[in-house]
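Only the coordinates and a few stated rules stand behind these numbers; no lab work does. This structure is a prediction, so every number in the text was calculated from the model and none was measured. Neighbour counts run over all protein chains shown; Cβ positions are idealised from the backbone, glycine included.
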Amino acid sequence: MKKFIFSVAFIALGLAFLLVSVPTKDVGAQGRPDDPGSQSAVRADGKVVAPDGAVFESHKAFIDAGRKCSTRHVDEIEMDEVNRHAANNGRALGRQGNGGGGDGNEGARIYPDGSILIPVYFHVVYRSDGVGNIPESRLDAQIAAMNEHFSGLDTPVYRGGAANTSFRFVKQGLATRTQNDTWYAAGYGSAAQTAMKNALHTGSADDLNFYTNSGGGDLGWATFPNEYAGAPLQDGVVCYWASLPGSTYVPYNEGDTGTHEVGHWVGLYHTFQGGCTLPNDGVADTPLERSPFFGCLGRKAPDTCKGANGSGVDPVENFMDYTDDPCMYKFSLGQSDRADTMWSTYRAGN
């Protein structure tokens, strides 16, 4: 009898091992109610709980720790190289100017509103206890949110208009689903991230691979268009599963993290890149901003770079800042122009 029990246990262990790291069916969003993604990100005492359960004393501490977005900041040398490449591409297309976009001139756009349909391949990576195995409906809601945001339709009636960009997103079939605790915990730059993407990546430079997992303890990160040629299988965005619409992880549960990371993926930098020093984010109609904005806008937006060349009221409602989901709603015309140029230069047809 003991031998029989041992044999059955051994076989069960082997099957469990085989099931790890292989695609599985959509078995629904399972998980534990004490997981951070099943609660509000902001506790009643004002402290912020990160995706990995780490507790920060305030929004500012959460932001300062780099937990909102771990996408790297490029240096001026790389930005100059990217802009030169884009300018050369623009001249080849008969465009004038620096090619990097950012003048806020709608006439500088290459592609008409909504004319670029981006195929989106979702990859859901979840834990052995089911945490993170979100249903297809949550992925559909993320697509709807991004289409609203990139169409400029998320604009509150009391604020200025948002740009209607060239980009729209189309989900490609059902998501791949992989149970793998190591990949679930994968963070930016980790060996686990490399392995995950090498195994799951689909398509080419103009296909969006959208991974959901723990975010490695952060809300998300992305690759830039100019990185594709050197590491095509690593291209895409990674987001904490609870940042997609439908969770209780307030105030980061409306899909704006995905929109922010896809903004990087189409070539946009943070609005506070470079602080009060030009070229900042390389976009002329997003005023200089000394540091990330967090929380929600009060009665009056700050001007943290007042007196600096290119200063103005901080673009705190921009998707490329760190504002809470309910209070960010726009891309600027200059950002739309720049994203068009980056798409033409690095992604279209590649």
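The figures follow:
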item	result
Cut-off 20 Å (backbone N to label point 7 Å along Cα→Cβ of ALA65), residues of segment 301-342	322-325
Residue order, fewest to most surrounding Cβ atoms within 10 angstrom, among ASP154, ASP64	ASP64, ASP154
Residue order, fewest to most beta carbons within 10 Å, for MET320, MET146	MET146, MET320
Pairwise Cα inverse-distance average, inverted: Kirkwood Rh of segment 109-197 (Å)	15.3 Å
Förster-model FRET efficiency, 30 Å R0, SER115 and ASP45, C-beta, rounded to 0.05	0.05
Stokes-Einstein diffusion coefficient of segment 76-347, Kirkwood radius over Cα pairs, 10 °C, 1.306 mPa s, in µm²/s	84 µm²/s
Label-to-label distance, nm, for residues given as ALA195 and VAL313 (7 Å Cα→Cβ offset)	5.0 nm
Fewest-first sequence of LEU268, LEU139, LEU297 by Cβ atoms within 10 Å of each Cβ	LEU297, LEU139, LEU268
Cα shape, segment 204-288, gyration tensor, a/c 1.5 rule	oblate
Mean separation of Cα contacts under 8 Å (6+ apart) over length of segment 76-347, as relative contact order %	23 percent
FRET efficiency for GLU81 and SER38, using Cβ-Cβ distance with R0 set to 35 Å, rounded to 0.05	0.20
Full-extension gain in nm, GLU57 to GLN172, via 0.36 nm per residue minus C-alpha separation	37.4 nm
Amide H contacts under 5 Å for TYR211, placed H, 5+ residues apart	HIS123, VAL237, VAL238, CYS239
Taking the C-alpha atoms of segment 265-338, convex hull volume expressed per residue in Å³	79 Å³
Local electrostatic count, TYR228, Cβ distance below 11 Å [Lys/Arg +1, Asp/Glu -1]	-3
Sites CYS296 and ASN88 - FRET efficiency at Förster radius 45 Å, r taken between beta-carbons, to 0.05	0.65
